[in-house]
Structures are given as C-alpha cells and as structure tokens.
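Every number in this text was worked out from the coordinates using simple rules, so none of it is lab data. Small disclaimer: the values here were computed from a predicted structure and weren't measured. Neighbour counts run over all protein chains shown; Cβ positions are idealised from the backbone, glycine included.
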Amino acid sequence: MENKTKKTHIEFLTIENNLNKLIYILFFALTISSCYSEKDFNGTWIGQYSNDTIFNKDITGSHIIITFKNGTYHSEDIYGNSSIGEFDLFFNKIILDEKEDDYGIINKLTSDSLVLKEKNQKESLIIYKKLSDSLKYNSSNKITLNGKSFTLKFNNKIDTLSFINDTILTRAYSNSKAYWKRIKIDGFEIILIDGYSEPPLIIREQTDNKIIITLFFKKNINLELEEIK
C-alpha cells in the first residue's frame, strides 16, 4: 500500500512538472510572438537595397515601397503592381491577407530599419528603410517630368536625365535607356529607376527651374535636377 502511494505521488509530481514546463513553453511562445506590434511597422518603408549573404554584397534597387498603418498595408513597385490589404504578425513572420504562404521573415526591426527575408530567398535579405515625414512633398504645385530634360550633378559628374514619357528615360552619361516610374504614396513622391545600381529618388520641392530631390541609400544625399530649357 505504501509503494502504491509513493508511485501515485511520483506520477503526480511528474504530471505537475510537465504541466509547469508546458506553461513555461506557452508563456515563452507568447512572449516571442508579441515581440513586435502593428504600431512598430506604422509608416512608409522603401526597399532600399538587398544584401547577398553568400557574397556579402549590397545591391541597390529592390524597387518596392510599402506603407503600414494599424494592421493594414499598401504596397507599390516599379512595375505597376499595387496591393492593399491587411497583415498579421506571428512569431517572426509578417503574414499578408491571412495567407499563410504569403509571408516575410523578420530578421531585424528598429525604429527606421526593417530587414526581411522572403520565404523562398535563402541567400538574400531585403533592407527596408523608413521614410521620414520631412521627406514628404507638401506643396500643391504639380511637378511635370514627362517630356522634359534635367541636368544632375553627382560625385563630380554631370548627367542629363530626359524623361521621354511616363515609363522611359534616357541618361546621357551612360548613353542608355531605362524604365522608370513615379510613385505617389502617403504624401511622398518617389522616382524609381530600373537597374541594380539605381537608388530611389525622393522629390522634395521645386524652386524656379530646379527640383530638389534626395537620393535615398545608406546615406541620404540631397541633389538638384535643373531643367534644361
């Protein structure tokens, strides 16, 4: 009888111990899943560059812009793709429109930087940078680019950008054509130019025949597009 009592007591302790472990695991899981909140993502983020983890090389021009606001998102890219919907956070995943197969893995999140790994991309990370509200275009004046040419001075070089229409531009310095798109989102006006070496250009303001822009990369650089009359 005494052995039976001891056995029952041991079994009870084992169950209690396992239950405590389960509670700890659930608490730990809930703690991890709540590391991020929807408000942490609020704002407009631009796919500034991607990092090839194999060659440890940064590549500019991921050409994706996304605005998060209280559980909703609005994304645009250089190729005219647009998407509006809702997102959820689960552990280290950001899931779009409740589709479990449409998610990004959160590698890192700070107040101004979001590092994501797409589910099928094992070798590269996409680094999104949050746009400051100071970069918004607040003027009611409409800036026309189509059919105009501008000089651009950068790194002691002078280039000429000619916006042939709303999709094609030419560059005199490289004697080349490129696809481009102007995106207006959440108060920002952004020029995206197709190409791995093309960082986004943020339209800031217009003064006389000059357009003030910010070249948006690891270090923001303020530049001027001066119209050629």
Net charge contributed by nearby residues that have their C-beta within less than 12 Å of residue 66 (K/R +1, D/E -1): 0
Simple label model, 7 Å out from Cα along Cβ direction - residue 69 to residue 219, nm: 3.4 nm
25 °C / 0.890 mPa s Stokes-Einstein diffusion coefficient of the stretch 64-201, Kirkwood radius on C-alpha pairs, µm²/s: 142 µm²/s
Estimated distance in nm for a label pair at residue 79 and residue 167, the labels positioned 7 Å out from Cα along Cα-to-Cβ: 1.3 nm
Fully extended contour minus Cα-Cα distance, from residue 175 to residue 156, at 0.36 nm per residue: 5.1 nm
